[in-house]
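Presented below is the structure to which this report refers.
Only the coordinates and a few stated rules stand behind these numbers; no lab work does. What you see is a predicted model; the values in this text were computed from it and never measured. Counting neighbours? That spans all protein chains shown, and the Cβs are built from the backbone with ideal geometry, glycine included.
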């Protein structure tokens with residue numbers, strides 16, 4: 001696959017774009033197709049490639065009820081959202097329930 005000519009690559013990309021723009025596939029199927037093709041061509045899946053970009057930080061906020069958050073021991077720096085009180089909690093890896101912010 002790595003010995004493709006520029007013309008072959010253009011043809012392949014055009015075919016792939018037609019495939020993923022086809023309404024037959026739902027978004028999850030399209031994502032899986034692109035992931036598989038990317039992995040075959042590069043040896044990495046899309047998430048691996050994204051994790052190697054300059055911006056390696058992602059903000060992920062877990063959410064749960066007040067009771068779930070009260071009993072959750074998050075890792076240091078982790079944020080959780082309380083869906084009942086609509087407040088964020090910051091965790092330090094030691095304090096169960098974290099701290100409302």
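Using only the Cα atoms of the stretch 61-100, construct the convex hull and provide its projected area averaged over every direction, in square nanometres to one decimal. Averaged projected area of the stretch 61-100's Cα convex hull equals 2.1 nm². Note that the stretch 6-51 carries a Kirkwood radius of 11.3 Å, evaluated over its alpha carbons pair by pair.
For the chain, the longest principal axis of the Cα atoms and the long axis of helix 27-42 meet at an angle of about 60 degrees. Distance between the pseudo-spin-label points of residue 5 and residue 62 (7 Å out from Cα toward the beta carbon): 5.4 nm. The angle between the Cα long axis of helix 6-21 and the main principal axis of the chain comes to about 50°, on a 0 to 90 degree scale. Against the compact-protein benchmark of 2.2 N^0.38 Å, the Cα-based radius of gyration of the chain scales to 1.65.
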